[in-house]
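Working notes for the structure below.
The values are calculated or read from the model by the stated rules, or taken from the named source; none is laboratory data. Quantities reported herein were computed from a predicted structural model and do not represent experimental measurements. Reconstructed Cβ throughout: ideal geometry from the backbone, glycine too, with neighbour counts over all protein chains shown.
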């Protein structure tokens, strides 16, 4: 359960998201707000995708950065609307822009703002930062499954 400041550790996160290693890309929640969430992904050099992306110059794949944003968004929606038993699936991803590379040793800060939630559909804006530098941004729409 989140603490009084709205943070979550990895065990709390696993209570809300079905993802597990090696595909869980949220390590900690720093803040849960009324309209969004701030979470982090600690990028380490021993992650399996770095074996091939790229030998000699490791860069976190953009699709995995988007997946991290999507997991943060799903975590927020599941938490806010008490949907623990309902999977959340992508419907669309728009206006994706990669601004800076994410490499081992970086802490990718994921900031999600809920724009709209109605019925079973959520629309969010997400941004990923390394320090003060914007690494990626996207608009995403997800649907909450009718059944687990």
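For this structure, a couple of remarks:
- Qualifying positions in the range 67-106 - in contact with a helix residue (DSSP H, G or I) (Cβ under 8 Å, 6 or more places away or on another chain), in a strand (DSSP E or B) and surrounded by fewer than 18 Cβ atoms within 10 Å (Cβ to Cβ): 90, 93, 96, 98
- Which numbered condition residue 51 fails, given (1) exposed (fewer than 14 other Cβ atoms within 10 Å of the Cβ); (2) closer than 18 Å to residue 19 by Cβ; (3) at pLDDT below 95: (2)
- Lone unmet requirement of (1) more than 23 Å from residue 43 (Cα to Cα); (2) in contact (Cβ under 8 Å) with a residue 60 or more places away in the chain; (3) within 15 Å of the chain's Cα centre (by Cα) for residue 113: (1)
- Once the range 107-147 is narrowed to residues that are out of contact with any strand residue (DSSP E or B) (no Cβ under 7 Å at 6 or more places or on another chain) and part of a strand (DSSP E or B), the residue that is nearest to residue 66 (Cα to Cα) is 133.
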